Amino acid sequence: MFMRYGSLGCLLVSTSLLAQPQLDVMVGRPTTSQNIDISHADLRFYKPISSLFSDKCDWGVTARAGVLNAGNDSAGRYGAEGLFACDIGENWSWSMPLGMVWLSRYQFEGDNGKTKDYGGPWQFVAAMSLSYRFTEHWSVGYEWSHMSNWYKYEKNPALNSHNLMLSYRF
C-alpha cells in the first residue's frame with residue numbers, strides 16, 4: 001500500500017529544479033469606495049519549495065512587508081503566506097497566496113473626520129493574480145486581494161484591492 005500511494009505522492013509533490021525565487025513589488029487601491037482614502041504598497045519574496053503535478057506548478061512560502069496608507073495615517077504591514085503558482089502558457093502565470101499579516105496600526109482617521117478601524121492587528125490575506133512574463137526575469141501582473149480579520153475582533157471591515165505588480169524571477 002505504501003508503495004502505491006508513496007509513488008503517487010512522489011509524482012504529485014517533487015522538488016522542482018526549475019522553480020525560481022521571485023520578488024514582487026505591488027501597489028494597490030480598494031475595489032470599492034471607502035469612507036477615507038486608502039492605498040497600499042508591498043514587497044513580497046516568494047521561495048518555491050516543491051513542484052505539484054508537473055514542472056508547471058509549484059508551491060512555497062512568502063515573506064512580505066509593506067505600508068497601508070489610510071486617511072492621514074500609515075501602518076506597517078508584515079506577514080507570511082503559502083503560495084500556489086502555475087505557468088499557464090508560454091509567458092503567463094497564475095498564483096494564489098493565502099496567509100496572515102500584522103498591522104502596526106489598525107485604526108485610522110481621515111481629513112473628513114471619518115475613521116477606519118480594522119478591528120485589530122492580525123489580518124488574514126488571500127489573493128489571486130495573473131502575470132505576463134516579458135523577459136526571462138521580469139513580469140508584470142494584476143492581483144485581486146482580500147484582507148480581513150475573519151471576525152477575530154468585534155469589527156471586521158474587509159479591504160478588497162486591485163493591485164498592479166512588477167516581479168523579478170531570480
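The values are calculated or read from the model by the stated rules, or taken from the named source; none is laboratory data. Because the structure is predicted, anything quoted here is derived from the model rather than measured. Backbone-built Cβ (ideal geometry, glycine too); neighbour counts: all protein chains shown. The area values use the complete protein model at the heavy-atom level, side chains included, leaving out ligands, DNA and RNA. Shrake-Rupley method; radii C 1.70, N 1.55, O 1.52, S 1.80 Å.
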Only one of the values (i) 145; (ii) 154; (iii) 118 was calculated from this structure for volume of the Cα convex hull per residue in Å³; name its label.
(iii)
Can you give me the Rg/Rh ratio for segment 102-144, using Cα atoms for both radii and the Kirkwood formula for Rh?
1.24
Reduced to Cα centres, the span from segment 132-147 to segment 79-99 in Å works out to 9 Å
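Lysine pairs in segment 20-170 with alpha-carbon atoms under 27 Å apart, 8 or more places apart or on different chains: how many are there? Working shown, then result.
On the way: Lys47/Lys56; Lys114/Lys152; Lys114/Lys155; Lys116/Lys152; Lys116/Lys155.
Pairs that pass both the separation and distance tests number 5.
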About the Cα centre of the chain, how large is the charge dipole given +1 on each Lys and Arg Cβ and -1 on each Asp and Glu Cβ? Please answer in debye to the nearest 20.
280 debye
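Of the listed peptides 128-138, 158-168, what is their order by residue-averaged count of other C-beta atoms within 10 Å, with the highest listed first?
Numbers: 128-138: 14.2, 158-168: 16.7.
Ranked from most to least packed, the peptides come out as 158-168, 128-138.
In segment 35-80, what percent of the accessible surface is made up of carbon and sulfur (1.4 Å probe, ligands and nucleic acids excluded)? Walk me through the numbers on the way to the answer.
Values: 1230 of 1980 Å².
The computed percentage sits at 62.
What's the local net charge at Asp117, with K and R +1, D and E -1, over the other residues with C-beta under 13 Å away? Kindly include the intermediate steps, with their values, before the conclusion.
Values: positive: Arg105, Lys114, Lys116, Lys155; negative: Asp73, Glu109, Glu154.
Around Asp117, the surrounding residues sum to +1.
Take every Cα pair under 8 Å in the chain that's 6+ residues apart, average their separations, divide by the length, and report that relative contact order as a whole percent.
Values: 455 pairs, mean separation 34.0, N = 170.
This gives 20 percent for the chain.
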Find which of Pro121, Gly89, Gly110 sits farthest along the positive direction of the dipole of segment 34-170, computed with +1 on the beta-carbon of Lys and Arg, -1 on that of Asp and Glu, about the Cα centre.
Pro121
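Work through the residues other than Ala70 whose Cβ is under 12 Å from its Cβ and net out their charges, Lys, Arg +1 and Asp, Glu -1.
Values: positive: Arg29, Arg77, Arg105, Lys114, Lys116; negative: Asp37, Asp73, Glu109, Asp111, Asp117.
With Lys, Arg at +1 and Asp, Glu at -1, the neighbours total 0.
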Which angle between 0 and 90 degrees, to the nearest 10, do you get for helix 2-12 versus the longest principal axis of the chain when only C-alpha atoms count?
60 degrees
